[in-house]
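Report on the following structure.
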């Protein structure tokens, strides 16, 4: 998915908001049709409001044939999960599956395991991204990082409740948090310092920007992250 605007890297001139080390990015690959997923969905919901974590729910589409078509599923998220598996030298994916910091992959971990992994990633990225403002809108400033990668704008719905009518979770009202609706590569980034303007989020949505390394064209470690809200 690509944004409709072409965003050029600019000199960093905006007034930055003071920031701590970038939060840990947590991705959950999940599905409304998967009976093993609700505990992981609830776990992500408990982390969604933490300042030191950007917790994102990415719904895959390969459960849709079982009897319930996931209302948030996107084949691009299935492709992203498969790319993570390929980066790890595997062809196997799981639901639910957590990816922490673009590196550690866990299939349905315990709360303790997930907490320990997040703790291990805390402060690992440094203060790579900051958000400020200009007359043109929100501006994200990027610190230099060896190697670079991609700068990604993530648009997500803070919370949604869905009544599941069919499939493995039939009859359940399920709550989901930080449901990703847009995953837009803003720029292929060479690691240089710079800044770019980001358009306002759609009504009811929130946004974050991620800086992620690429390893042989596949998603690698998260180099930095910042909320825009």
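None of the figures in this text is laboratory data; all of them are computed from the coordinates on show. Note that the structure is a prediction, hence the values are computed from the model and not measured. A quick note on method: Cβ atoms are made from the backbone with ideal geometry, for glycine too, and the neighbour counts reach across all protein chains shown.
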Residue-normalised 222 nm signal for the chain, counting each DSSP H run of n ≥ 4 as -39,500 (n - 2.57), nearest 500 deg cm²/dmol, is -4500 deg cm²/dmol
Residues 114, 214 in order from fewest to most other beta-carbon atoms within 10 Å are 214, 114
Listed with the fewest Cβ neighbours within 10 Å leading, 173, 41 appear as 173, 41
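Taking the convex hull of the Cα atoms, report for the stretch 31-90 its projected area averaged over all directions, in nm².
Orientation-averaged projected area of the Cα hull: 5.0 nm².
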At the level of C-alpha centres, the distance separating the stretch 34-71 and the stretch 133-204, in angstrom, is 15 Å
Assertion target for 95, 161, ordered by fewest C-beta neighbours within 10 angstrom first, is 161, 95
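Can you tell me the FRET efficiency between residue 91 and residue 35 if r is taken as the Cβ-Cβ distance and R0 is 30 Å, rounded to the nearest 0.05?
Calculated transfer efficiency: 0.80.
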Taking only the Cα positions of the chain, the convex hull volume per residue in Å³ is 117 Å³
